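Take a look at the structure below.
The values are calculated or read from the model by the stated rules, or taken from the named source; none is laboratory data. The structure presented is a predicted model; accordingly, all values stated were derived computationally and were not measured. Cβ placement follows ideal geometry from the backbone for every residue including glycine, while neighbour counts extend to all protein chains displayed. With ligands, DNA and RNA removed, areas are computed over all heavy atoms of the protein, side chains included. Shrake-Rupley method; radii C 1.70, N 1.55, O 1.52, S 1.80 Å.
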Amino acid sequence: MILTEDLRLSILQAAVQGKLTEQSAKDTPVETTLDRLQDIKNNLANNKKIKKAASKTEDSIPFNIPDNWTWVKLCDIGELARGKSKHRPRNDESLYIDGTIPMIQTGDVAAANKYITQFNTCYNEKGLAQSRLWKKGTLCITIAANIGDVAILTFDACFPDSVLGFLPFSEQVSKEYVYYMLLAYKHRMNAKASKMAQSNLSLDKINSMLFPFPPIEEQLRIVDCLDMLFCKVDEYEKIEQQLSTLKEEFFSNMCNAILQSAMQGKLTLQLETDSSVDNMLQLIIEDKKSYIGKKTTKADSRMFLELDENEEFPFDIPDNWKWCKLGYILRKLTDGTHKTPNYTSSGIRFVSVKDISSGFINFSNTKFISQEEHSLLYQRCNPECGDMLLSKVGTTGVPAYVDTTEEFSLFVSVALLKFNHQYILPRFLYYLIYSPLVQKQALEQTKGVGNQNWVLDKIANTLVVLPPIEEQQRIVERLDVLLPLCSNLAD
């Protein structure tokens with residue numbers, strides 16, 4: 001699928017090369033137009049209404065143009081100058097109090113769709129005295145931050161020195177044509193910008209650039225053609241966005257439907273030869289008590305939560321499955337340290353929610369803590385290979401399997417889930433947490449202002465299903481095949 005932005009650039013490039021419209025012998029000779037513009041320019045300069053632009057021209061032309069076109073610099077066909085104000089909004093409150101004069105910022109230009117119709121800042125008369133009021137119809141060109149954004153003023157306004165103003169000398173220059181021409185040149189303007197901490201395009205550099213200039217009649221034909229084509233491209237972009245949204249929704253909805261079916265026992269066959277879940281639950285409790293007896297895990301009421309007598313279940317499950325609380329089937333449930341540690345340049349990795357937000361542990365941007373501090377934290381929260389991590393602050397409900405033997409510590413934003421693999425398969429627990437059954441509860445139980453939190457008590461109280469271990473294996477094998485197929489269909 002062709003990206004609409006690439007399509008727009010291709011159309012613009014064809015337009016400024018004279019390939020979109022037919023040239024006519026009846027058009028006003030471009031030399032005649034340039035002579036008139038030169039007279040206007042000289043008159044304005046002699047009356048000191050504009051400054052003379054002393055700049056060198058590029059040595060070579062960038063591409064071929066029709067014979068009845070010519071190459072010009074912007075200062076040949078209109079006034080080109082920087083905005084005068086160096087003040088940024090709120091640096092001097094006295095410039096803005098009771099202001100009514102539009103003060104255009106680079107963001108207003110970037111947000112505009114050809115024409116600037118909205119603004120967020122206003123100068124008062126004091127601010128205007130330190131700036132310049134540009135006329136309606138001026139083209140605004142950003143030369144700092146996002147270089148090359150361009151839009152046309154629909155009202156008189158001021159703007160800072162991070163914006164250039166271009167005002168055609170006469171109606172022989174179509175401001176709409178110049179707008180499209182500058183859009184086509186955006187990549188060239190970016191290439192000429194200084195490569196500093198913040199890129200900047202100087203007035204001298206843009207004044208040295210050559211631009212294709214057709215007769216005024218041709219300019220107007222190009223504008224009409226581009227207006228029509230871009231309208232079609234906008235329609236295409238909406239369709240493209242809708243298709244992209246549908247694909248994303250399809251992938252999400254299909255995956256959720258498959259996971260939901262899996263957790264209802266509808267993807268696989270139940271076999272009489274499967275283990276008894278009642279026996280599994282009893283063994284899980286015995287295993288947990290054994291760990292507590294060895295002081296491997298502290299006694300925690302969250303780990304022995306029974307179903308409420310009046311518990312309502314969201315759907316039916318096979319007779320040989322059981323409903324239970326998540327904490328009930330875990331050996332240990334805890335979270336990382338609640339205190340920000342002392343970070344070091346190297347040492348033991350310190351994992352937070354950002355490091356597992358993709359659904360797996362990503363060590364590429366982890367912070368580090370000392371071995372001494374890690375040893376203290378590891379006594380309470382000790383992630384080991386085979387455990388499951390779970391995001392509990394910010395973006396909640398994301399599981400990540402611990403598939404490394406490297407020791408690391410956890411922050412409070414991540415919960416640690418330990419469980420007996422003999423009765424609960426890691427891959428099944430991963431899919432169970434990602435299923436709508438658990439995700440819906442995570443969404444409902446995540447509370448707080450700012451950094452939202454899915455607290456341990458709520459995690460432990462999460463309602464889950466437990467199939468026989470053999471059935472878990474069949475579910476995992478089925479999901480490992482079906483979910484990648486959904487991803488392929490969405491691509």
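Selection of helices (runs of 4 or more DSSP H) fully inside the range 169-272 by the criterion of at least 2 residues being small (Gly, Ala, Ser) returns 216-263.
When the range 383-400 is filtered for residues that are open to solvent by 30 Å² or more (accessible area, probe 1.4 Å) and farther than 17 Å from Ile459 by Cα, the ones remaining, listed by number, are Glu384, Cys385.
Residues of the range 25-54 that are exposed (fewer than 12 other Cβ atoms within 10 Å of the Cβ) and of a type in the set (Gly, Ala, Ser): Ala25, Ala54.
Candidates in the range 156-167 are the residues that are over 16 Å from Ala111 (Cα atoms) and open to solvent by 10 Å² or more (accessible area, probe 1.4 Å); of these, the one that is nearest to the chain's Cα centre (by Cα) is Asp161.
Against the conditions (1) within 24 Å of Arg8 (Cα to Cα); (2) surrounded by fewer than 20 Cβ atoms within 10 Å (Cβ to Cβ); (3) hydrophobic (A, V, I, L, M, F, W, C), Leu203 satisfies every one except (1). As a summary of the residue check, Ala45 satisfies the conditions (1) more than 29 Å from Ala145 (Cβ to Cβ); (2) modelled with pLDDT under 90; (3) outside any helix (DSSP H, G or I) except for the one numbered (3). For the range 314-374, the strands (runs of 3 or more DSSP E) that sit wholly inside it and include 2 or more residues that are of a type in the set (Val, Ile, Thr) are 348-351. Being surrounded by fewer than 22 Cβ atoms within 10 Å (Cβ to Cβ), touching a strand residue (DSSP E or B) at 6+ places or on another chain (Cβ under 9 Å) and outside any loop (DSSP other than H, G, I, E, B) is a property that Leu443 lacks. Count of the range 362-382 residues, restricted to those that are aliphatic (A, V, I, L, M) and either open to solvent by 30 Å² or more (accessible area, probe 1.4 Å) or in contact with a helix residue (DSSP H, G or I) (Cβ under 6 Å, 6 or more places away or on another chain) (or both), is 2. Residue-level analysis places Ser358 among those that are within 21 Å of Tyr431 (Cα to Cα) and within 33 Å of the chain's Cα centre (by Cα).
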